[in-house]
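Worksheet: the structure to be examined is printed underneath.
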Amino acid sequence: MKTIAFLMTLNYTLFSVGGIAVNEFEKDVQSKNNDVVEAGRGFIYSFLFFMVIFFVGTIFKVIGS
């Protein structure tokens with residue numbers, strides 16, 4: 001019985017667009033950028049942020065000693 005309810009829900013939430021079943025939110029995406037580029041930027045920015053924190057701490061350690 002749960003399987004039938006799941007399939008009915010799945011059929012309700014998926015729409016057929018050009019022969020491909022997609023989610024409702026995939027039809028109107030907010031950003032069409034490549035996810036690999038976005039992930040790379042996030043990695044680089046966070047790496048640079050922690051590198052700056054490390055160098056600031058190192059500079060304070062050298063000045064303080």
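The values are calculated or read from the model by the stated rules, or taken from the named source; none is laboratory data. Please read all numbers here as calculations on a predicted model, not as lab measurements. Positions of Cβ are backbone-derived with ideal geometry, glycine not excepted, and every protein chain shown enters the neighbour counts.
For the range 25-35, indicate whether the set of residues that are of a type in the set (D, E, K, R), modelled with pLDDT under 75, surrounded by 10 or more Cβ atoms within 10 Å (Cβ to Cβ) and assigned to a helix (DSSP H, G or I) is non-empty.
Step one: of the range 25-35, the residues of a type in the set (D, E, K, R) are 26-28, 32, 35.
Subset that is modelled with pLDDT under 75: 26-28.
When the remaining residues are screened for being surrounded by 10 or more Cβ atoms within 10 Å (Cβ to Cβ), the result is 26.
In the following step, the residues that additionally are assigned to a helix (DSSP H, G or I) were identified as 26.
Taking every residue of the range 25-35 in turn, at least one turns out to be of a type in the set (D, E, K, R), modelled with pLDDT under 75, surrounded by 10 or more Cβ atoms within 10 Å (Cβ to Cβ) and assigned to a helix (DSSP H, G or I).
Taking the range 54-65 only, how many residues are surrounded by 10 or more Cβ atoms within 10 Å (Cβ to Cβ) and among the β-branched types (Val, Ile, Thr)?
Here the count works out to 3.
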